[in-house]
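Novice: Before anything else, here's the structure in question.
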Amino acid sequence: MPDATELSRQDHVEINPLYMFRWEESQDSHILLYPEGVVKLNQTAGAILERVSKGLSVGELIDDLQQDYVDGDVADGVFKFLEMSHAKGWIRRK
């Protein structure tokens, strides 16, 4: 039986409504705003959460990112980031 935090390609996730995901021009990066502060995201994290905000399944998100990062398999890194984001409460299953 899979762990409760383990995600599959069929899962759909969304940004937790306690967080606001947006591009911040002054920081030249995507950020997550929440009542206690802000998380500045690196380029890859921003690219992943941007696709999460479009409502793609995890599998669709991975396939879409793979087109941008053709030099290697992105699936493991995406799963690790999404599982960490889920554990931190940034995202949740739909």
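The values are calculated or read from the model by the stated rules, or taken from the named source; none is laboratory data. The shown structure was predicted, so the numbers you read here are calculated from the model rather than taken from an experiment. Positions of Cβ are generated from backbone atoms using ideal geometry, with glycine treated the same way; all protein chains shown enter the neighbour counts. SASA here: full protein model, heavy atoms, side chains in, ligands and nucleic acids out. Shrake-Rupley method; radii C 1.70, N 1.55, O 1.52, S 1.80 Å.
Novice: Which of the lysines could a cross-linker bridge to Lys80, judged by Cα under 17 Å and excluding same-chain residues fewer than eight apart?
Specialist: Partners within reach: Lys88.
Novice: Where the Cα atoms of the chain are projected onto their three principal axes, how long is each span, largest first, in whole Å?
Specialist: 38, 32, 18
Novice: Using the Kirkwood radius over Cα pairs, work out the Stokes-Einstein diffusion coefficient for the range 42-94 at 25 °C and 0.890 mPa s, in µm²/s as a whole number.
Specialist: Numbers: Rh = 11.2 Å.
Once the numbers are plugged in, D ends up at 219 µm²/s.
Novice: Could you report the chain's accessible area per residue, 1.4 Å probe, as an integer in Å²?
Specialist: Values: 5850 Å² over 94 residues.
Value returned for the chain: 62 Å² of accessible area per residue.
Novice: In the neighborhood of Asn16, defined by Cβ-to-Cβ distances under 11 Å, what is the net charge if each Lys or Arg adds +1 and each Asp or Glu adds -1?
Specialist: Summing Lys and Arg as +1 and Asp and Glu as -1 gives +2.
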